[in-house]
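The values are calculated or read from the model by the stated rules, or taken from the named source; none is laboratory data. Computed from a predicted structure; not experimentally measured. Methodologically, a virtual Cβ is constructed for each residue, glycine included, from the backbone with ideal geometry; neighbour enumeration extends over all protein chains shown. The accessibility values were calculated without ligands, DNA or RNA, using every heavy atom of the protein model including side chains. Shrake-Rupley method; radii C 1.70, N 1.55, O 1.52, S 1.80 Å.
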Amino acid sequence: MNSDVIFLHAPSIYDFRNRVSFLGPISDVVPSTQVFDMYPLGFVSLSEYLSRNGYSTRIVNLAVKMLNNGDFDAEKFIRNIDPEVFCIDLHWLVHTQGSLEIARICKKYHPNTPVIFGGFTSTYFDKEILSKFEQVDFIIKGDSGELPLLRLLNILNKNKDNKKFEDIENLTWRDKNNRVKSNSITYVPESMDEFLHDPEFIIKSIIRSRDFEGHLPYKNWINIPIMAVLTSKGCLYNCITCGGSAYTYKNFYCRKKPAFMSPEKIIDYLSVIESYIKCPCFFINDIRMGGNKYWRGIFEGIERERIDLPVVFELFYPGERKFLEMMSHSCSRFDLEISPEDSSEIIRKSHGKSYSNISMEKTIKSALELGCDKFDVFFMIGLGKQRREDVYKTLRYMEHILNINPEKICPFISPYAPTIDPGSLAFEKPDKYGFIIKTRMISEQYELFQKPSWKYFFNYETEELRVDDIIDLTYESAIRLYEIKEKYNIIDSKTVSLRREQIEISRYVLNEIDEIITIKDENEMESKLNSLRDKISKVSESLLCSDNDLNWPRSDTKIRNVLLKVFGKLPKLL
Ligand code: SF4
């Protein structure tokens, strides 16, 4: 069945199955695979909004289809569909190569079909993208594209002489003389409640398109289902490297304050999730940003509606006892996560977070006392002002944290890789925060992502740590953390040996690639890169942690049961 609008999510590197590319551990602490197969939540909201306004839509996670099926031919798939427009996300910089390549294929087979980009990276680089990449026709800027996209579709459907693109808020476009025009971002909704009116929309969309796989949020969702609840857009804080900070939102996406989804709406959404699947629900953003009344409203709603789902909350700073008590009182199972970044309070502060280790540890202990099932604590490598010895101190501190309760506390350490977000304070004022930005253009970044190893993807280094240092520390820290976990009987010695071996292979591959890319003869270079394929495949799984570390406790809901429930409700859904 053809749809008017097709939303395509590309793998971060389009031709990852054919080209030799050592993608490293850049996605190890998120549920996506190395090609960042998770599509943005905005796809669902945009798709639902357009459907409500008379357009047929379909979401296609090309990345998942390519990962699941070696024979899946993305190019052929695109050739055989025929929508009115293609919408492709380019939200985080890491998707630069994949999204632009997918757009190129769309244009190759459908030269007259508009290709529309959206997302933070598209917004930041809007003019450069339209100047240099002719496969992209329009960019919808800002954090909310629903209304501008609808208006654009309405205008595209009108007769040729009457297309007034200058009237569409948030739009970047080309005029008849091929000049790039950028309208202001004036559509910045103050509440998120006008979106996702129908929480069952995604189920209906799957049924209509008969494409379950294409709607999967990420490949491993089948085995580890997690539902995301986007509680707000925007942030009150300014973590230096974050492209979702208050500074970035204000200066680049024209949002002066966060917009929230109301507690009532969140509870409706949770109720629908619970009626299909009892999987963990991850609350994106710290719900305390909405104020006491807001988070109390969420907890009261969970209690009132007797929602019995495992829930996971992000803490942007340590939690007060009364907040944790109410969480514990309302939620039958809850997990928490916090990102102190470094054990040094000075480095943490220079990264935009001003809280002490004591207050964080107090929060962890209180939460565990109150029944928290799992507490994840995230540290990073590659922060401004952070030195090699600071990373070693952090590793010692991680052991100290783990020692509080080795069964329930899960510390992670990973590189800030491969890119600093454009628009973040670190990107805009690198000197002030100890960063060196190596590439400022998306066309340069596109070229970097064509390189054969993650070492060359970096768009930054710091005054204290070069890219080689960050990579070296990443592997060193991984081994050290495995040794700590072995000491606390969290993993066995066999696993540690296996990881050591994988890390040795990773280092070997990186060194080999450094040599190979100096070879002038392209055929020889290609053949030498190909000879590394087996080794690369041995280290393509998560190295910095195991899938289990990323799992949150959940009930035993099987996807089969979900499908049975969907079929049971078919008459209501259709
Ligand atoms: S990382 Fe910091 S700035 Fe970014 S969303 Fe989280 S709290 Fe806000």
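Could you tell me the center-to-center distance, by alpha carbons, between segment 62-139 and segment 464-484 in angstrom? Using only Cα atoms to place each centre, the spacing works out to 35 Å.
Using Stokes-Einstein with the Kirkwood hydrodynamic radius over Cα pairs, what translational diffusion coefficient do you get for segment 5-182 at 10 °C and a viscosity of 1.306 mPa s, in µm²/s rounded to a whole number?
Values: Rh = 16.6 Å.
Translational diffusion coefficient: 96 µm²/s.
With pairing defined as another cysteine C-beta under 4.7 Å, the cysteines of the chain that fail it are CYS87, CYS106, CYS235, CYS254, CYS279, CYS281, CYS331, CYS372, CYS410, CYS545. Its Cα gyration tensor gives segment 113-267 an equivalent ellipsoid. The semi-axes, each the square root of 5 times an eigenvalue, are 28, 22, 16 Å from largest down.
Restricting the GluC sites (Glu not before Pro) of segment 63-140 to loop positions (DSSP other than H, G, I, E, B) with no more than 15 neighbouring Cβ atoms within 10 Å leaves GLU134.
For segment 243-327, the carbon plus sulfur part of the accessible surface works out to 50%, probe radius 1.4 Å.
I'd like the antiparallel share, as a percent to the nearest 5, of DSSP beta bridges with both residues in segment 5-182. Mind showing how you got there, number by number?
On the way: 5 of 21 bridges.
Of the beta bridges lying entirely in segment 5-182, close to 25 percent run antiparallel.
Over segment 5-182, with every protein chain in place, what whole percent of the accessible area is carbon and sulfur at 1.4 Å, could you tell me? Of all accessible area on segment 5-182, carbon and sulfur atoms account for 45 percent.
Once C-alpha pairs closer than 8 Å and six or more residues apart are averaged by separation and normalised to the residue number of the chain, the relative contact order reads 15 percent. Quick check on the chain: take the gyration tensor over C-alpha atoms, sort the square-rooted eigenvalues as a ≥ b ≥ c, and tell me if it's rounded (a/c under 1.5), prolate or oblate. Here the chain falls in the rounded category.
Can you compute the helix-only [θ] at 222 nm over the chain? Use -39500 (n - 2.57) per DSSP H run of at least 4 residues, normalise by all residues, nearest 500 deg cm²/dmol. Walk me through the intermediate numbers first.
Numbers: 26 runs with 246 residues, N = 574.
When only DSSP H runs of four or more count, the value is -12500 deg cm²/dmol.
Note that segment 5-182 presents 37 Å² accessible area per residue, ligands and nucleic acids not counted, probe 1.4 Å.
Please list, in order, the residues from segment 249-268 whose amide nitrogen is less than 17 Å from a point placed 7 Å along the Cα→Cβ vector of SER184. The answer is 250-257, whose backbone nitrogens lie closer than 17 Å to the label point.
Cα centroids of segment 1-33 and segment 175-195: 27 Å apart.
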